[in-house]
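Structure first, then comments.
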2 protein chains.
Amino acid sequence: MASLSKADVDEQVASLLREKGHRYSNTRRMLVRVLLTAEKPLTNNQIVESHDSLAQSSVYRNLNVLEEVGAVTRIVTNNEFSRYELADGLTEHHHHIICTSCGDITDFSLPLTLEKSLNQSLRTAASKVRFTIDQHRFDGLGTCVACQ
Amino acid sequence: MASLSKADVDEQVASLLREKGHRYSNTRRMLVRVLLTAEKPLTNNQIVESHDSLAQSSVYRNLNVLEEVGAVTRIVTNNEFSRYELADGLTEHHHHIICTSCGDITDFSLPLTLEKSLNQSLRTAASKVRFTIDQHRFDGLGTCVACQ
DNA sequence: CGCAATAATGATAATCATTCTCATTTTTGA
DNA sequence: TCAAAAATGAGAATGATTATCATTATTGCG
């Protein structure tokens with residue numbers, strides 16, 4: 001789901017962090033690399049296990065920091081584990097098909113015209129109830145091959 | 001968000017429960033009544049506090065049962081509280097605008113044509129990765145008036 | 001009717017993903 | 001080179017949700 005090079009992503013993330021007084025530490029670089037390489041959103045544990053120099057508490061803490069500055073998006077489905085992916089702007093805008101049984105997630109995209117209509121409808125509805133919209137999500141919920 | 005009468009909903013829920021060997025107990029009737037009356041998805045605590053004869057553990061347990069039989073949908077946003085609403089089929093299909101700050105949720109609907117296009121795109125994508133789709137969700141994420 | 005058998009209840013204990021704490025280490029900028 | 005500020009990591013704490021289990025309600029059958 002990468003649309004920018006590793007270098008571009010690094011630069012963007014570094015700038016997002018610096019704007020809020022954070023540093024782009026080695027741990028954070030590692031998280032970004034893992035998420036950039038992954039072809040689907042990962043749980044904290046999946047990330048921790050991908051490198052043996054990552055402490056669980058640091059991964060949680062840093063994913064939160066990265067989420068705060070807008071570099072990472074957290075996906076919550078059921079009440080098991082959260083999953084994390086690089087935020088819109090660092091990857092191509094996309095949507096998810098989620099297995100409600102095992103939590104596995106696959107990415108997909110909508111035609112641009114559909115995406116635009118959706119945005120328009122959403123913004124109209126939001127203004128009526130005086131919400132400010134930051135992002136949207138469109139998820140298909142179902143069962144993956146392994147679980148059915 | 002009601003599209004059926006209380007009596008119709010009761011009948012549907014009773015049948016959904018019976019199909020799986022569950023009873024439509026007083027507690028469950030009460031939950032359905034509260035959700036049917038509510039104009040937005042409610043947290044467990046909001047439901048518990050709405051009647052003083054509802055035990056917290058029973059509400060959690062029964063919302064799970066109602067979710068299993070397809071009468072109630074659980075909405076998870078951040079990692080605070082889950083919220084619950086009557087499932088599609090018992091209410092009109094709709095979507096949510098969610099405040100990422102306080103968790104408050106407002107309902108809205110999409111034009112039918114858009115809804116159909118969405119479904120079609122989703123199903124096409126799902127079949128490629130061999131997922132079976134049960135439902136979809138389209139949520140706007142942002143900030144409500146109170147929180148901005 | 002009684003009367004098992006099965007399900008539901010509710011108070012409380014247990015679970016477990018996530019967050020917090022804090023002493024130590026690293027980085028920054030003057 | 002040196003404080004000040006930030007990050008780290010191991011372990012403790014938190015808190016929404018789930019599990020336990022003795023008690024109570026409901027069902028269906030003879």
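The values are calculated or read from the model by the stated rules, or taken from the named source; none is laboratory data. Everything quoted here is computed from the prediction, not taken from an experiment. All Cβ positions, even for glycine, are placed from backbone atoms using ideal geometry, and neighbour counts span all protein chains on display. When the accessible area is computed, the model is the full protein with side chains, heavy atoms only, and any ligands, DNA or RNA have been set aside. Shrake-Rupley method; radii C 1.70, N 1.55, O 1.52, S 1.80 Å.
Can you list residues from other chains, or at least 5 along the same chain, whose modelled amide H is less than 5 Å from the amide H of B:Tyr84?
B:Leu42, B:Thr43, B:Ile75
From other protein chains only, count the Cβ atoms within 10 Å of every residue's Cβ in A:110-116, then give the mean.
Per-residue shielding by partner chains comes out at 2.
Restricting the count to DSSP beta bridges whose residues both fall in the stretch A:93-148, what percent are antiparallel, rounded to a multiple of 5?
For the stretch A:93-148, the DSSP antiparallel bridge percentage is about 50.
Please state the shape class of the stretch A:78-133: rounded when a/c is under 1.5, otherwise prolate if a/b exceeds b/c and oblate if not, all from the C-alpha gyration tensor.
Here the stretch A:78-133 falls in the prolate category.
Considering only A:Pro111, A:Val145, A:Ala38, whose Cα is most displaced toward the positive end of the charge dipole of chain A, charges sitting on Cβ of Lys, Arg (+1) and Asp, Glu (-1)?
The one lying farthest along the dipole's positive direction is A:Pro111.
Apply the Debye scattering formula to the stretch A:38-148, with a single equal point scatterer on each alpha-carbon and no solvent, then give log10 I(q)/I(0) at q = 0.11, 0.15, 0.20 Å⁻¹.
-0.43, -0.78, -1.20
How far, in nm to one decimal, is B:Leu114 from itself in the other copies if the label point is set 7 angstrom along Cα toward Cβ? Shortest first, please.
In ascending order, 1.4 nm.
Under 18 Å from the Cα of A:Lys128, which lysines turn up, not counting those fewer than eight places away in the same chain?
B:Lys40
Under a point-charge model restricted to the Cβ atoms of Lys and Arg (+1) and Asp and Glu (-1), what is the dipole moment magnitude of the stretch A:1-92 relative to its Cα centre, in debye to the nearest 20? Could you put the intermediate results ahead of the total?
Working: 11 positive and 13 negative charges, 61 e Å.
So the dipole magnitude of the stretch A:1-92 works out to roughly 300 debye.
For chain B, which cysteines have no disulfide-compatible partner, meaning no other cysteine Cβ under 4.7 Å?
Lacking a cysteine Cβ partner under 4.7 Å: B:Cys102, B:Cys147.
Return the lysines within reach of B:Lys20: Cα separation strictly under 18 angstrom, same-chain partners fewer than 8 residues apart disregarded; answer none if there are no such residues.
Answer for B:Lys20, where 18 Å is the Cα cut-off: none of the lysines qualify.
For chain A, which longest stretch is free of loop sites, where a loop site is one of the GluC sites (Glu not before Pro) that DSSP puts outside H, G, I, E and B and that has at most 14 other Cβ atoms within 10 Å?
Numbers: sites that count: A:Glu39, A:Glu80, A:Glu92.
The segment A:93-148 is the longest one with no such site.
Could you size up the charge dipole of the protein assembly as shown around its Cα centre, putting +1 on the beta carbon of Lys and Arg and -1 on that of Asp and Glu, and report it in debye to the nearest 20? Don't skip to the answer; put the middle values down first.
Values: 32 positive and 36 negative charges, 17 e Å.
Computed about the Cα centre, the dipole is about 80 debye.
Kirkwood hydrodynamic radius for the protein assembly as shown: how many Å is it when counted over pairs of different Cα atoms? Don't skip to the answer; put the middle values down first.
Values: mean 1/r = 0.0483 Å⁻¹.
That comes to 20.7 Å for the protein assembly as shown.
How many nm separate the modelled label positions at A:Ser127 and B:Phe81, each set 7 Å beyond the Cα in the direction of the Cβ?
3.2 nm
Checking an interface number: how much accessible area is buried between A and B, summed over both chains, with a 1.4 Å probe, in Å² rounded to 100? Walk me through the numbers on the way to the answer.
On the way: alone 9190 and 9220 Å², together 14940 Å².
The summed interface area works out to 3500 Å².
Restricting attention to the stretch A:21-111, which trypsin sites (Lys or Arg not before Pro) occupy a DSSP loop and are surrounded by at most 16 other Cβ atoms within 10 Å? Can you show the working numbers first?
Numbers: sites: A:Arg23, A:Arg28, A:Arg29, A:Arg33, A:Arg61, A:Arg74, A:Arg83; in loops: A:Arg23.
When the trypsin sites (Lys or Arg not before Pro) of the stretch A:21-111 are filtered for loop state and at most 16 Cβ neighbours within 10 Å, A:Arg23 remain.
How far apart are the A:Glu67 label points across copies, placing each 7 Å from Cα toward Cβ, in nm, shortest first?
1.8
At A:Leu4, label 7 Å along Cα→Cβ: distances to the other copies, nm, ascending?
In ascending order, 4.9 nm.
Sum -39500 (n - 2.57) across every DSSP H segment of at least 4 residues in chain B, then divide by the residue count to get the 222 nm mean residue ellipticity, nearest 500.
Values: 5 runs with 63 residues, N = 148.
It comes out at -13500 deg cm²/dmol, rounded to the nearest 500.
For chain B, what is the percent of antiparallel DSSP beta bridges, rounded to the nearest 5?
Working: 11 of 16 bridges.
Counting only bridges with both partners in chain B, antiparallel ones make up about 70 percent.
Under the rule a/c < 1.5 gives rounded, and otherwise a/b versus b/c splits prolate from oblate, where does the stretch A:1-92 land using the Cα gyration tensor?
Working: a/c = 1.43, a/b = 1.24, b/c = 1.15.
In terms of gyration-tensor shape, rounded.
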